[in-house]
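This report refers to the structure that appears directly beneath it.
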Amino acid sequence: MASFDLIIRNGTVVTAVDSTACDIGITDGRIAALGTNLGTASREIDASNRLVLPGGVDSHCHIEQPRPDGSWNADDFESATTSAAFGGTTCVICFSPQFKGHGIAERAEDYHRRAKKAVIDYSFHIIITDPSPRVIEQELPPLVAAGHRSIKMFMTYDPSFLTDAEVLTVLAAARRNQAFVVVHAENHEAIKWMTKRLEAAGLTDAKYHAWAKPAVVEREAVQRVIALAELLDVPIQIFHVTCEEAAEEIRRAQGRGLKVFGETCPQYLAFTAGDLDRPGQEGSKFLCSPAPRSKADQEALWKHIRLGTLGCVSSDHAPYQFEGPKGKQAIARESPFSKIPNGVPGLETRMPYLLSEGVRKGRIDLHTFVAVTATNPAKLFGLHPRKGSIAVGMDADIGIWDPDLSRTVTNAELHHAVDHTPYEGMTLTGWPVTTLVRGTVVMDASSRHVAPGFGQFQPRETYPLMMPSGRFPTPFDPHG
Ligand code: URP
Ligand code: ZN
Ligand code: ZN
């Protein structure tokens, strides 16, 4: 009888700390052995000249998420998670939304139904846009207890943003229920004011999106939410940091010993505000929030990835069509920038972009790449030690990568359901050639090998990283 279900032989296994030439024995979906001369298996994969990496964990992606105006993301769970798998990602955390005046429990149930089409594993953040007593006291506790252990807050976007008082209410509820908090931090009133002025002055093209929300509005909100979280002693992650100013605020908070974590996304490393000014309506393909910044900010983001200030690089995959009557192009042609849907697709290109532009160009090392794309998000969101690395006992979520494979990105070859990619025409070197989830090959070469529904919900228990520190600015415990 074979010793294992599967052996991956002859590869270089890379984790956030080590690089080892060894084989991986997999049984019942888990890593059962690491070593050489592992014996026999029912199936073998030869990984000669390949990197064998932990499957990516993308802790920030918008999949089949309804918007308050009744529109939807372009992807459903099947297309989005297929696309993720072809980009080396094996687990996503996406968003169960709330609309003002409505609850969160029914939405989460509906979201679970939709997610049954996933082909890789998944978990949810619960978005709170209306922290009513019913939502906070009745609906939230059972949802967190069922493993939805993170809450997302918006400080901007009408009608999703929370006031400072509401932010405090959500932070306090998170601490009570032992949930982690993630934040979209931009100053809502400042953006609204600037948008009105710009549009009144006739400055309505996509490029003025970046003028309406410059780095200062991000830096201010990052500083403010850190202060509010410090007041109540609640660990937080700042989503999609775009600029040096915001990263420096996070760094200063970390220096004070606060549990403040930072995330950035490939689009902020790849594109600048100048891309919003591409001819015709092409600029709208790069429109996302916060806005793309400058080359200097890109260098600062790379630096803060190296320093660990920004410990996660997620996709913030938020796909909206370009073509069609409701697409970005038509809206950009007919309406001011503030009406263009915010967001860019990026599930499939996240890891290849970072390997190619980060590791191959010497900006980060391979271990940092593994840390920010898999290990750190798994740890920060309570998926570790099930996911996020390669060790005996962990889920066999693995990407086998050809580090020398060069491909020029074309949307036609990506697997998402949106009609464009901002990375069109970019040549990236280093792509996954096989992706396994729990020991099953989900994709290789150009084929997907599992049916919709193979992905499993990953409930998340409490874990040390998300626990408060027990320190308040005064002797008074505001939660007491
Ligand atoms: O522009 C973006 N980032 N759209 C997605 C929603 C969000 O703000 O994260
Ligand atoms: Zn956001
Ligand atoms: Zn987002």
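The values are calculated or read from the model by the stated rules, or taken from the named source; none is laboratory data. Remember, it's a predicted structure, so these values are computed and weren't measured experimentally. Methodologically, a virtual Cβ is constructed for each residue, glycine included, from the backbone with ideal geometry; neighbour enumeration extends over all protein chains shown. Please note that ligands, DNA and RNA were not included when accessible areas were found on the heavy atoms of the full protein model with its side chains. Shrake-Rupley method; radii C 1.70, N 1.55, O 1.52, S 1.80 Å.
Shown here for region 288-384: GluC sites (Glu not before Pro) in loop regions (DSSP other than H, G, I, E, B) with at most 14 other Cβ atoms within 10 Å, namely 323.
In a DSSP loop and with at most 14 other Cβ atoms within 10 Å, the trypsin sites (Lys or Arg not before Pro) in region 303-336 are 326. Taking the empirical scaling 2.2 N^0.38 Å for compact globular proteins as reference, region 272-355 has a Cα radius of gyration ratio of 1.21.
Each part gets one Cα centre, and for region 211-241 versus region 60-106 those centres are 24 Å apart.
Evaluated over the Cα positions of region 120-246, the convex hull gives a direction-averaged projected area, one quarter of its surface, of 9.3 nm². What do you get for trypsin sites (Lys or Arg not before Pro) in region 376-480 restricted to DSSP loop and a cutoff of at most 12 other Cβ within 10 Å of the site's Cβ? In loop regions of region 376-480 (DSSP not H, G, I, E or B), the sparsely surrounded trypsin sites (Lys or Arg not before Pro) are 471.
Take the alpha-carbon centre of region 426-467, take the same for region 16-48, and report the distance between them in whole Å. Each part reduced to its Cα centre gives a spacing of 17 Å.
On average over all directions, what projected area in square nanometres does region 1-75 have, based on the convex hull of its Cα atoms? If you can, show how the numbers build up before the last one.
Numbers: hull surface 30.3 nm².
If I average the Cα hull's projected area over directions, I get 7.6 nm².
Using the alpha-carbon positions of region 56-371, Rg (one decimal) and Dmax (whole number) come out as 18.5, 51 Å. Taken one residue at a time, the phi angles of region 32-42 give Karplus couplings (6.51, -1.76, 1.60, θ = phi - 60°) of 9, 7, 10, x, 10, 6, 6, x, 10, 8, 5 Hz. Gly and Pro are set to x.
Taking every DSSP bridge with both residues inside the chain, close to 45 percent are antiparallel. Here's how it looks for residue 129: its modeled amide H is under 5 Å from those of 98, which are all 5 or more places away or on a different chain. Put the Cα centre of region 304-356 next to the Cα centre of region 245-275 and the gap is 17 Å. Distances between placed amide hydrogens fall under 5 Å for residue 43 paired with 6, 7, all partners being 5 or more residues away or on another chain. If you wrap region 375-463 in the convex hull of its Cα atoms and look at it from every side, the mean projected area works out to 7.4 nm². In region 1-145, Rg over Rh equals 1.13, where Rg is the alpha-carbon radius of gyration and Rh the Kirkwood radius from pairwise Cα distances. Against the criterion of solvent-accessible heavy-atom surface with a 1.4 angstrom probe, 401, 193 sort, most first, into 193, 401. Scalar couplings 3J(HN,Hα) for region 74-88, obtained by applying the Karplus form with A = 6.51, B = -1.76, C = 1.60 to θ = phi - 60°, are 6, 8, 9, 4, 5, 5, 5, 6, 5, 4, 4, 4, 5, x, x Hz; x denotes Gly and Pro. Under 5 Å from the amide H of residue 153 lie the amide H atoms of 182, 183, 184, each residue being 5 or more positions distant or on a separate chain, with H modelled from the backbone and absent for Pro and chain starts.
Along region 51-64 the Karplus relation, 6.51 cos²θ - 1.76 cosθ + 1.60 evaluated at θ = phi - 60°, assigns HN-Hα couplings of 8, 10, 10, x, x, x, 10, 9, 8, 8, 8, 9, 10, 6 Hz to successive residues, with x for each Gly and Pro. Over every Cα atom in region 327-378, the radius of gyration and the widest Cα-Cα span, Dmax, amount to 16.6, 46 Å. The mean accessible area for residues of the chain, using a 1.4 Å probe and ignoring ligands and nucleic acids, is 37 Å² per residue.
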